[in-house]
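One structure is given below, encoded as structure tokens.
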Amino acid sequence: MSSDRQIDPEDTSELLQRIYVLESELEAIRLQTNVLLDIARALNASLDPKVIASNIISAIASLISIDQASVCLYNEKTQDFQVIGVFDSQTITPQIPPDLDLSFLLQVLDKGVTYYCPPGNRRQDWEWICCLPLQNAQHKTGTINIHAIRQTEITSEQMRFLETVAGHATSALENALLYAIVQRESITDGLTGVYNHRYFQKRLREYISLCQRHKRSVTFGLLMIDVDNFKQFNDKYGHQFGDTVLQTIVIELRNNLREEDLIARYGGEEFVILIPEATEKIVLFISEKIRDVVEKTKVLHQATGIDVSVTISIGVTLWRSSDSPASLISRADHALYEAKTTGRNQSVFK
């Protein structure tokens with residue numbers, strides 16, 4: 001004996017409706033996933049923190065009607081913030097107000113939780129509606145900040161989206177900062193922090209190429225510096241004190257050179273300085289200035305409490321149109337040799 005089961009049309013309608021709802025939800029998830037993938041690709045497409053910050057703000061603007069937003073990097077050593085991205089719908093050259101208290105951001109980073117204050121409670125411009133911490137288990141990277149919006153509130157769904165963007169942004173900025181560290185270490189001297197020999201050679205070739213290309217009457221100068229009697233410092237006081245001497249000299253050189261002058265460690269106790277837009281008068285003035293400053297500098301030897309005097313000898317020259325990198329360096333080196341063999345603590349121009 002058998003019987004046919006009849007299907008209730010209402011059950012069928014509810015089932016179809018449920019399928020429709022699920023398909024709509026799946027489509028929304030798919031679209032959101034694609035948006036997040038596009039954002040992740042955009043954030044990881046550059047290793048420039050400022051470009052990443054711009055992409056972060058663009059990602060936020062694709063979901064929320066923002067009027068003002070910013071992205072800040074945190075420096076764990078100095079415990080302060082650097083603004084790397086700013087958006088203000090009222091101007092194409094936005095700036096964070098100089099009196100804005102960024103210390104609030106450290107509170108957000110310390111708590112590690114998104115801060116949200118509905119815009120209706122705002123009392124002044126550039127306040128904090130939303131602050132999203134950018135951090136992982138090892139580092140506090142920075143914050144994403146929303147200061148003004150053109151909607152009544154940020155919904156819970158939008159907040160989840162923002163926090164997902166913050167996760168991608170943290171990863172992208174960490175990669176950029178690590179890359180910057182690697183790049184910096186590849187071109188700087190580990191002891192003194194100035195540029196290394198390889199980077200100096202690269203920039204020297206660029207200087208020469210620029211002068212040759214433009215055939216300019218103004219040339220550039222090269223100073224080759226050697227610490228006088230450096231071996232005696234190491235023998236008498238130890239290599240650690242010798243390192244201190246080099247570091248002290250670098251500090252004095254940096255404090256007394258122009259911003260555009262480039263200093264590098266050439267090797268051992270030798271340094272080189274490239275001086276753009278130079279004349280003989282300029283390079284001699286600079287060389288004598290730094291020679292005099294170093295001569296007046298005392299380096300404290302901690303173990304004995306003795307203030308040790310330091311002097312330098314300098315070989316000075318200008319690039320000439322017939323020069324190669326090797327011939328320019330050779331001439332500066334000969335000038336340095338003459339400075340050292342005829343008394344030290346002096347500048348010689350060739």
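The values are calculated or read from the model by the stated rules, or taken from the named source; none is laboratory data. This one's a predicted model, so the numbers in the text were calculated from it and none came from an experiment. Using ideal geometry, Cβ is built from the backbone for each residue, glycine included, and neighbour counts are taken over all protein chains shown. Side chains included, ligands, DNA and RNA excluded: accessible areas come from the protein's heavy atoms. Shrake-Rupley method; radii C 1.70, N 1.55, O 1.52, S 1.80 Å.
About its Cα centre, the dipole of the chain is roughly 1960 debye, where the only charges are +1 on Lys and Arg Cβ and -1 on Asp and Glu Cβ. Only Cα sites of the stretch 148-243 enter the Debye sum here, all with the same form factor; the resulting log10 I(q)/I(0) across q = 0.13 1/Å is -0.79, listed in q order. Determine the alpha carbon to alpha carbon distance for each of 77/231; 202/289; 296/350; 50/202; 50/289 and list only those over 30 Å. In this structure, 77/231; 50/289 exceed 30 Å between Cα atoms.
Potential lengthening of the chain between residue 285 and residue 307 amounts to 5.2 nm, from the contour at 0.36 nm per residue minus the alpha-carbon distance.
Residue order by solvent-accessible surface for 16, 328 is 16, 328, largest first, with ligands and nucleic acids left out and a 1.4 Å probe. Only helices enter the 222 nm calculation for the chain: every DSSP H run of n ≥ 4 contributes -39,500 (n - 2.57), and dividing by all residues gives -16000 deg cm²/dmol, rounded to 500.
Taking 15 Å as the straight-line reach from the Cα of residue 236, the aspartates and glutamates in range (excluding those fewer than 8 positions away in the same chain) are 228, 307.
Accessible area per residue (1.4 Å probe, heavy atoms of protein chains only) ranks 143, 342 as 342, 143, with the largest value leading. Volume per residue of the convex hull around the Cα atoms, evaluated for the chain, comes out as 279 Å³.
Model label sites at residue 151 and residue 334, defined 7 Å from Cα along the beta-carbon direction, differ in position by 7.4 nm. For the stretch 43-194, the extents of the C-alpha atoms along the principal axes are 54, 33, 31 Å, listed from largest to smallest. Plainly put, the stretch 253-350 has a radius of gyration that is 1.00 times its Kirkwood radius, both from alpha-carbon atoms, as the Rg/Rh ratio. Think of the chain as a dipole: +1 on every Lys or Arg Cβ, -1 on every Asp or Glu Cβ, centred on the Cα centre; then among 177, 286, 69, 286 lies furthest on the positive end. Heavy-atom accessible area for residue 161, with the other protein chains in place and a 1.4 Å probe, reaches approximately 10 Å².
Roughly how much of residue 188 is accessible, in Å² to the nearest 10, using a 1.4 Å probe? Solvent-accessible area, nearest 10 Å²: 30 Å². With unit charges on the beta carbon (Lys/Arg positive, Asp/Glu negative), name the residue among 119, 105, 212 whose Cα is farthest towards the positive pole of the charge dipole of the chain. Checked the options; the winner is 212. Summed over all non-identical Cα pairs, the Kirkwood treatment of the stretch 213-298 gives a radius of 14.0 Å. Springs join every pair of Cα atoms under 10 Å in this Gaussian network model of the chain, and among 49, 325, 98 the largest mean-square fluctuation is at 98. Compared with the dominant principal axis of the Cα atoms in the chain, helix 239-255 is inclined by about 80°. Pairwise Cα distances in the stretch 37-114 exceed 16 Å for 58 percent of all pairs. Given the stretch 134-188, report the % of alpha carbon pairs whose separation exceeds 15 Å. Distances greater than 15 Å cover 60 percent of the Cα pairs.
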